[in-house]
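S.K.: Take this structure, written in structure tokens, and hold onto it; I'll ask about it next.
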Amino acid sequence: MGVLEVVVTAVWVMLPAYVPNNAAVLAGGGRPLDAGRTLGGARLLGDGKTWRGLAAGWLAGLAVALVLDTLRVDIADAVGVDLPGFPLAVVVLFPLGAMLGDVGASFVKRRTGRERGAPFPGVDQLDFVLGSLPLALVAAPSWFLDTFTPGVVGVVLVVTPVLHVLTNGLAYLAGLKTEPY
């Protein structure tokens, strides 16, 4: 696999995991997942993690995977890269894993004394990757191993933080987020 193919494949397969967090922000508000519960005097997750956001993010990622799967052959022909399809189990679990990774990061943030919106370098940028990849591996082990080659994983680990910072900066400028990171 050449460099271009590795980069295109990495971005392609991660799109259903990249979109959910953005969709959750756009969904805004709703009942908090933790229902106000605390642990050690701090909220379990905080008001930023809601049932509406979780559902909206998961459904948006699921929709992206289905659309990509539908357009895969045409896009592969256009870019000259053999793009992988998404098995149904991956369509369902990959974006859910992204959302669960974000929820898990929020839990860790609260345990380390960070408030909602406080930066947590590394965790903020990769939480949804760390949630989505294990669920994809469980959902479709052979697809995962064929798709997430060491090169693809390397690109994901480098490109994801850059895309995260850029999209959060744009959301901040658009007034959708209160912090630019």
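S.K.: Can you confirm whether L133 is closer than 25 Å to G2 by Cα, in contact with a helix residue (DSSP H, G or I) (Cβ under 9 Å, 6 or more places away or on another chain) and part of a helix (DSSP H, G or I)? Before the answer, list the steps.
M.R.: Working: closer than 25 Å to G2 by Cα: yes; in contact with a helix residue (DSSP H, G or I) (Cβ under 9 Å, 6 or more places away or on another chain): yes; part of a helix (DSSP H, G or I): yes.
Considered against the rule, which asks whether it is closer than 25 Å to G2 by Cα, in contact with a helix residue (DSSP H, G or I) (Cβ under 9 Å, 6 or more places away or on another chain) and part of a helix (DSSP H, G or I), L133 comes out as yes.
S.K.: Residues to consider are S132, S106; find the one that is modelled with pLDDT under 95, buried (at least 19 other Cβ atoms within 10 Å of the Cβ) and among the hydroxyl-bearing types (S, T, Y). Working first, answer last.
M.R.: On the way: S132 fails: modelled with pLDDT under 95.
Matching residue, one of S132, S106: S106.
S.K.: I want to confirm something. Restricting to the stretch 73-96 and keeping residues that are buried (at least 17 other Cβ atoms within 10 Å of the Cβ) and either among the acidic types (D, E) or more than 19 Å from A60 (Cα to Cα) (or both), which single residue is farthest from the chain's Cα centre (by Cα)?
M.R.: Only one residue tops the list, namely V81.
S.K.: Also: Of a type in the set (S, T, N, Q), surrounded by fewer than 19 Cβ atoms within 10 Å (Cβ to Cβ) and on the phi < 0 side of the Ramachandran plot: which single residue out of T70, T160 fits that description?
M.R.: Values: T160 fails: surrounded by fewer than 19 Cβ atoms within 10 Å (Cβ to Cβ).
Just a single option satisfies the conditions, and that option is T70.
S.K.: So, of the residues in the stretch 133-165 that are of a type outside the set (A, V, I, L, M, F, W, C) and within 21 Å of K177 (Cβ to Cβ), which turns out to be farthest from the chain's Cα centre (by Cα)?
M.R.: First pass over the stretch 133-165, keeping only residues of a type outside the set (A, V, I, L, M, F, W, C): 134, 141-142, 146-147, 149-151, 154, 160-161, 164.
Right, trim to within 21 Å of K177 (Cβ to Cβ) and you get 160-161, 164.
Numbers: T160: 9, P161: 11, H164: 10 Å.
Going through the qualifying residues, I end up with P161.
S.K.: Can you work out which of the residues in the stretch 34-67 that are more than 28 Å from P87 (Cβ to Cβ) and of a type in the set (A, V, I, L, M, F, W, C) is surrounded by the fewest Cβ atoms within 10 Å (Cβ to Cβ)?
M.R.: It comes out as A35.
S.K.: Test G61 against the criterion of being under 20 Å from V153 (Cα atoms), part of a helix (DSSP H, G or I) and of a type in the set (G, A, S), and give yes or no. Give the steps one after another, and end with the answer.
M.R.: Working: under 20 Å from V153 (Cα atoms): yes; part of a helix (DSSP H, G or I): yes; of a type in the set (G, A, S): yes.
It is true that G61 is under 20 Å from V153 (Cα atoms), part of a helix (DSSP H, G or I) and of a type in the set (G, A, S).
S.K.: Scan the stretch 59-81 and report the pairs whose first residue is touching a residue at least 40 places away in the same chain (Cβ under 8 Å) and whose second residue is part of a loop (DSSP other than H, G, I, E, B) and among the aromatic types (F, W, Y), with Cβ atoms within less than 8 Å and a gap of 6+ or a chain change.
M.R.: If the second residue must be part of a loop (DSSP other than H, G, I, E, B) and among the aromatic types (F, W, Y), the pairs left are A65/F86; L68/F86.
The values are calculated or read from the model by the stated rules, or taken from the named source; none is laboratory data. Remember, predicted model here, so these are calculated numbers, not experimental data. Note that we place each Cβ from the backbone using ideal geometry, even for glycine, and neighbour counts take in every protein chain shown.
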